[in-house]
Amino acid sequence: MRRNVSELLVSPLFLGALATWAFNDHVLKHVAPGVVSGKLGDAAAMMAFPILLAATTAPVSGRLGLPQRRLLDVCALATAVLFAATKLNDTAANAYRLGLGAAQSLLGWSGASGGAALTMDPTDVLVTPLVLVPMLAVRGCLLPVRVFAPLAATAAVFALSLAGCGATVP
């Protein structure tokens, strides 16, 4: 059975990945910095971010006639390519630092004007194949996606999204 992107927003896959991403960036990186906490957040982001990006852009893509599974494919590919670029290319890394830093400053999440923190570790690119997980999920190729009560799911997604988006604030 095929799924639409909005169903994935309330799936254990997305909520678990988002919670892992936020917990890793807010707790584990401070308590136990190292290889595991470095890769764990990246791995969770590779699964959560394409879903969040696709769900955000779904209304516009729907008007253009782009099927949701194709939209998720595009978002997953863009996530993998841009993630790899920020880990391997100084120009892309600096653009990311400045762009995210400016967004965080506008939202009041950071007073620093120098940009967001980013560690350029080429081995982080090893987690990029995990963008395939949401692509398989939208096609119904993974375990059934369970949809929670709409109000509880909306509240959980909102709270976890805020935590995940602000997770890179130093």
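General observations
- Scanning the range 23-55 for residues that are of a type in the set (A, V, I, L, M, F, W, C) and open to solvent by less than 30 Å² (accessible area, probe 1.4 Å) yields A43, A44, A45, M46, A48, I51, A54, A55.
- Reported count of residues in the range 56-65, each being at pLDDT below 90 and open to solvent by 70 Å² or more (accessible area, probe 1.4 Å), is 4.
- Considering (1) surrounded by 15 or more Cβ atoms within 10 Å (Cβ to Cβ); (2) part of a helix (DSSP H, G or I); (3) in contact with a Gly (Cβ under 7 Å, 6 or more places away or on another chain), the lone condition that W109 does not fulfil carries the number (2).
- Exclusive hit being β-branched (V, I, T) and open to solvent by less than 40 Å² (accessible area, probe 1.4 Å), set T119, T86, T91, T20: T86
- Of the residues making up the range 72-85, none is at pLDDT below 85 and aliphatic (A, V, I, L, M).
The values are calculated or read from the model by the stated rules, or taken from the named source; none is laboratory data. Nothing here was measured: the structure is a model prediction, and the numbers come from that model. Heads up, the Cβs are rebuilt from the backbone with ideal geometry, glycines too, and the neighbour counts pull from every protein chain shown. The accessibility values were calculated without ligands, DNA or RNA, using every heavy atom of the protein model including side chains. Shrake-Rupley method; radii C 1.70, N 1.55, O 1.52, S 1.80 Å.
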